[in-house]
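Single-structure report; data block below.
The values are calculated or read from the model by the stated rules, or taken from the named source; none is laboratory data. For clarity, every value in this text was computed on a predicted model and none was experimentally measured. Neighbour counts are summed over all protein chains in view; Cβ atoms, including those assigned to glycine, are modelled from backbone coordinates with ideal geometry.
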Amino acid sequence: MLSLTERLLFILLTVICLTAAAYTFTDMFKIILSGQGQLGMDRAPQRVLAGVKALFSQGRILRRRKITSVFHWLVAYAFIFYGLVNVVDLAKGFTEFDVPGVVGDIYRLIADVLSVAGLTAVVYFIVRRFIVADPHLKTRENVLLHPSARDGIARDSMFVALFILLHLGFRFLGESFHIALHGADVFQPFATAVSTLWTSAGMGPAALEWWVHASWWLALGLILVFIPYFPTTKHAHLFMGPLNFMTRPDRPALGTLDKIDFDDETIEQFGVSTLSDLSQTQILDAFACIMCNRCQDACPAYATGKELSPAALEINKRYYIKENMSGLADGSREQIPLMGMAISESAVWACTSCGACVDVCPVGNEPMF
């Protein structure tokens, strides 16, 4: 359990980080709500169920890139379960609370296994992007891509990967230090195995207790520090993806375009010109995008060498928003045309409205609609 000083410091850090997060999250939702129309809010139970199903099933992820998808599945479930782990660890830090009995045994076993699974998966993704340099993660030079995106995507990916690696890693190490201090735990086989390193190294009770506290601070402190940055990173897909499934528009069939009433004389502009001309769900798509390029792989126009990449469209929107977030949120930023910023004219004409990008997107985006 934390000392009184530690508790006060943690509360102070929480207030600072959540205050900062309130500003960034408010900006994000202001930008989304600046779009046209409304997010789908009817049939609330069905929509909530769709979001929950998308989050827990990870169904669309497994359609392509089978091996990579399995590793993403491991990271996703580790992070979902860590929502519970973080709450329990927070309670342990401030009280004598622990999950009791058989439920506690099962909880510790799942946390131990998912910690190792998640860490293994993150290492896989780091190797895949930065050592193997998987070509699926790149976009051809003839495709319009925001100047900050080609290098920025890699930096953002490393930032997110290190955050997950350190968050899971310090929590796992904290358990190993705790086990070294209090004895082996059959329901935490991996952490128990690592704990033998500390006992073999001759670490005493005082040192182990210090590391238990340090690991707790680093694991939970990272979460607090990272929260304000969520809207600016692709990690926002954790909650924006399910929200996308909950609020997406109803379409009679895949590939059905929104109707334009050319007889309505009150309409001063057909189609869109700037970001605020897009619908709210189209702006939400940019925040939900995980930048995995699955839609790019599925696009027949991209496969034939044309300038169209559905992924690039969402990425360009996202980087434009990221660089102008405060101005777009308060309306002070003069918007520039989407044509030439988010997509080229040639790419627009290359789209066949086949819906392949929509069908494959794991976060429910509709890039070309």
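Filtering region 194-210 to residues that are surrounded by 11 or more Cβ atoms within 10 Å (Cβ to Cβ) and under 19 Å from Leu2 (Cα atoms) leaves Ala207, Leu208, Glu209, Trp210. If only residues of region 175-189 that are touching a residue at least 40 places away in the same chain (Cβ under 8 Å) and not aromatic (Phe, Trp, Tyr) are counted, the one that is farthest from His213 (Cα to Cα) is Pro189.
If the condition is being within 19 Å of the chain's Cα centre (by Cα), farther than 19 Å from Arg65 by Cα and aliphatic (A, V, I, L, M), then region 272-316 contributes Ile283, Leu284, Ala286, Ala288, Ala312, Leu313, Ile315. Among the residues of region 218-236, is any at pLDDT 90 or above and over 23 Å from Tyr23 (Cα atoms)? Yes, that holds for at least one residue.
Listed conditions (1) modelled with pLDDT under 90; (2) surrounded by fewer than 17 Cβ atoms within 10 Å (Cβ to Cβ) are all met by Val272, apart from (2).
Among the residues of region 39-49, those that are closer than 13 Å to Asn244 by Cα and either acidic (Asp, Glu) or at pLDDT 85 or above (or both) comprise Leu39, Arg47, Val48, Leu49. Count of region 6-55 residues, restricted to those that are exposed (fewer than 15 other Cβ atoms within 10 Å of the Cβ), in contact (Cβ under 8 Å) with a residue 40 or more places away in the chain, charged (D, E, K, R) and under 25 Å from Pro362 (Cβ atoms), is 1. Of the residues that make up region 100-122, is at least one at pLDDT 95 or above, under 21 Å from Asn293 (Cβ atoms), crowded, with 16+ Cβ neighbours inside 10 Å and out of contact with any Ser or Thr (no Cβ under 7 Å at 6 or more places or on another chain)? For region 100-122, residues at pLDDT 95 or above, under 21 Å from Asn293 (Cβ atoms), crowded, with 16+ Cβ neighbours inside 10 Å and out of contact with any Ser or Thr (no Cβ under 7 Å at 6 or more places or on another chain): present. Which members of region 202-257 meet the condition of being in a helix (DSSP H, G or I), charged (D, E, K, R) and under 14 Å from Leu284 (Cα atoms)? The answer is Lys234, and nothing else.
Can you say whether Arg155 is of a type in the set (D, E, K, R), at negative phi and in contact (Cβ under 8 Å) with a residue 24 or more places away in the chain, as far as the supplied structure shows? Judged against the criteria, Arg155 is not a match.
Just one of the listed residues (Val88, Val52) is out of contact with any Cys (no Cβ under 7 Å at 6 or more places or on another chain), modelled with pLDDT of 95 or more, in a helix (DSSP H, G or I) and β-branched (Val, Ile, Thr), namely Val88.
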